[in-house]
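Engineer: I am attaching a structure below and will ask some questions about it afterwards.
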Amino acid sequence: MAGRPKIYDETAILDKAVEVFWEKGYANATADDLLHAMGIGKGSFYFAFKGGKEELFRKSMDRVVELNFQAIRESLVTCENPVQFIRDFFFSLTGADSPIGNKGCYFGNALIQVSADDSGLKLIAGKYLHLLEEIFTEAVQRGKDLGLLQTKEPAEALGAYLVNLWNGLNVTRRMETDQQKLAELVRMNLNILN
């Protein structure tokens, strides 16, 4: 006997779940919030996500990586000047049109919001922040190989530095509304890429 037919697009409902988790956080996103946003019933939810909310959040983290980190990596690999790409990327976070607004980093938020009981989710969030660090490290190394960076700092240290800047900027955006001040902070921090 065939199983119940799927009457929804899993990618679309994951995208809706990402919005809820990003806005409310993992702990504060209720089942009703998620079901309403995703437009599915409880039966369909538990059929698709047998591990419940935790499985949905794991899949939502995978989706955020798929949508964002892969695009960043591809852009950095194909652009002529990866150092300028990094600069432009960070400056884009300071303006009103920031791609993430004041929501913070999806994975940084998870590290802070997920309880100790959900340590597996914290490990996944940390893994994805390490992936971003790896992307930055590759870009910095490519910039060095192209002669665009004169710094003696190792690419790995600069990759870690840039993830730290990413995390800090996502927090600072929540308290600082002056875009010029944010841009100045980014400029000072990115002086290391000279």
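The values are calculated or read from the model by the stated rules, or taken from the named source; none is laboratory data. These figures come from a predicted structure and were not determined experimentally. As a convention, Cβ positions derive from the backbone with ideal geometry for all residues, glycine included, and neighbour counts pool all protein chains shown. To get the accessible areas, we keep the full protein, side chains included, count just its heavy atoms, and leave off ligands, DNA and RNA. Shrake-Rupley method; radii C 1.70, N 1.55, O 1.52, S 1.80 Å.
Engineer: Name the one entry in I112, I124 that is within 30 Å of E19 (Cβ to Cβ), among the hydrophobic types (A, V, I, L, M, F, W, C) and touching a residue at least 40 places away in the same chain (Cβ under 8 Å). Outline the logic, then answer.
Structural biologist: Working: I112 fails: touching a residue at least 40 places away in the same chain (Cβ under 8 Å).
When all the criteria are applied, what remains is I124.
Engineer: On to the next question. Find the helices (runs of 4 or more DSSP H) located wholly in segment 80-194 whose residues include 1 or more that are at pLDDT 95 or above and out of contact with any Cys (no Cβ under 6 Å at 6 or more places or on another chain), and list them.
Structural biologist: On the way: elements: 82-92, 106-113, 119-145, 155-175, 179-190.
The qualifying helices (runs of 4 or more DSSP H) are 82-92, 119-145, 155-175, 179-190.
Engineer: Moving on to the next point. Report yes if some residue within segment 24-37 is aromatic (F, W, Y), surrounded by 15 or more Cβ atoms within 10 Å (Cβ to Cβ) and either over 23 Å from the mean Cα position of the chain (by Cα) or in a helix (DSSP H, G or I) (or both); otherwise report no. Before you say what the answer is, go through the steps one by one.
Structural biologist: Initial filter on segment 24-37 (aromatic (F, W, Y)): 26.
Keeping just the survivors that are surrounded by 15 or more Cβ atoms within 10 Å (Cβ to Cβ) gives 26.
From the residues that got through so far, the ones that are either over 23 Å from the mean Cα position of the chain (by Cα) or in a helix (DSSP H, G or I) (or both) too are none.
No, segment 24-37 contains no residue that is aromatic (F, W, Y), surrounded by 15 or more Cβ atoms within 10 Å (Cβ to Cβ) and either over 23 Å from the mean Cα position of the chain (by Cα) or in a helix (DSSP H, G or I) (or both).
Engineer: Which pairs have Cβ atoms under 9 Å, sit 6 or more apart or on different chains, and link a residue in segment 73-84 that is more than 21 Å from Y128 (Cβ to Cβ) to one that is aromatic (F, W, Y) and open to solvent by 40 Å² or more (accessible area, probe 1.4 Å)?
Structural biologist: C79/F85
Engineer: Which one is modelled with the lowest pLDDT among residues in segment 1-41 that are aromatic (F, W, Y) and within 15 Å of G52 (Cα to Cα)? Give the steps one after another, and end with the answer.
Structural biologist: Our first condition is that a residue be aromatic (F, W, Y); within segment 1-41, this holds for 8, 21-22, 26.
Filter again for within 15 Å of G52 (Cα to Cα), leaving 21, 26.
Working: F21: 95, Y26: 91.
The qualifying residue modelled with the lowest pLDDT is Y26.
Engineer: Exactly one condition in (1) outside any loop (DSSP other than H, G, I, E, B); (2) at pLDDT 90 or above; (3) out of contact with any Cys (no Cβ under 9 Å at 6 or more places or on another chain); (4) open to solvent by 50 Å² or more (accessible area, probe 1.4 Å) is false for Y46; which is it?
Structural biologist: The single condition Y46 does not satisfy is (2).
Listed here are the residues, each with its yes/no results for (1) under 22 Å from L67 (Cα atoms); (2) surrounded by fewer than 15 Cβ atoms within 10 Å (Cβ to Cβ).
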{"site": "A96", "(1), (2)": "yes, yes"}
{"site": "F136", "(1), (2)": "yes, no"}
{"site": "K144", "(1), (2)": "no, no"}
{"site": "K152", "(1), (2)": "no, yes"}
{"site": "W166", "(1), (2)": "yes, no"}
{"site": "K181", "(1), (2)": "no, yes"}
{"site": "L185", "(1), (2)": "no, no"}
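Engineer: Could you say which residue among V140, V114 is more than 16 Å from the chain's Cα centre (by Cα), of a type in the set (V, I, T) and open to solvent by less than 20 Å² (accessible area, probe 1.4 Å)?
Structural biologist: On the way: V114 fails: more than 16 Å from the chain's Cα centre (by Cα).
It is V140.
Engineer: Name the single residue, out of those in segment 69-79 being of a type in the set (V, I, T) and open to solvent by 30 Å² or more (accessible area, probe 1.4 Å), that is modelled with the highest pLDDT. Explain how you work it out, then say what you get.
Structural biologist: Looking only at segment 69-79, we keep the residues that are of a type in the set (V, I, T), and these are 72, 77-78.
Then keep just the ones that are open to solvent by 30 Å² or more (accessible area, probe 1.4 Å); that gives 77-78.
Numbers: V77: 87, T78: 91.
Taking the candidates together, the pick is T78.
Engineer: I need the full set of residues from segment 49-78 which are in a helix (DSSP H, G or I) and hydrophobic (A, V, I, L, M, F, W, C), in order please.
Structural biologist: Just the residues of segment 49-78 that are in a helix (DSSP H, G or I), to begin with: 52-78.
Across segment 49-78, the qualifying residues are L56, F57, M61, V64, V65, L67, F69, A71, I72, L76, V77.
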